[in-house]
């Protein structure tokens, strides 16, 4: 009696294909986890925005307010360090927000406030690298039109 190997090969091929279908991609949450063996520096990092007018002159703000999509706000006042109050450089996110920042990124809206009025608004995407916050998307140079 002769037996054909064709049915056996078809069955093995189907079983092999079934194994392939059971492979799954890692979930986004799994790839976003941090390795607990990472060594991080103990410095406090911040993300900064440089604010100038069209002539390149520094624009002095009273504060910068960063708002998450859930409405939570963080206020950053002018830095009290020598020279920073007139540098036009303002923190808008820092390692103080690290624990609650999504590693893969979250959108925030940053508003510049002067004399209790909003003078600009910018969108950013921030995340972290398991040690410090980082900028994922957005231009950190803001040019503010001159007042009329």
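The values are calculated or read from the model by the stated rules, or taken from the named source; none is laboratory data. Predicted model, so just to flag it, every value in this text is computed and none were measured. FYI the Cβ positions are ideal-geometry reconstructions off the backbone, even for glycines, and counts take in every protein chain you see.
Observations
- Checking residue 13 against (1) outside any loop (DSSP other than H, G, I, E, B); (2) at pLDDT 80 or above, the condition it does not meet: (2)
- Once the range 115-148 is narrowed to residues that are in contact with a helix residue (DSSP H, G or I) (Cβ under 9 Å, 6 or more places away or on another chain) and part of a loop (DSSP other than H, G, I, E, B), the residue that is nearest to residue 94 (Cα to Cα) is 132.
- Residue, modelled with the highest pLDDT, within the range 64-114, restricted to residues that are over 18 Å from residue 134 (Cα atoms) and touching a helix residue (DSSP H, G or I) at 6+ places or on another chain (Cβ under 7 Å): 78
- Residues that are at pLDDT 90 or above and assigned to a strand (DSSP E or B), drawn from the range 46-62: 46, 47, 48, 49, 50, 51, 52
- Some residue of the range 27-45 being within 19 Å of the chain's Cα centre (by Cα), at pLDDT 90 or above and in a strand (DSSP E or B): no
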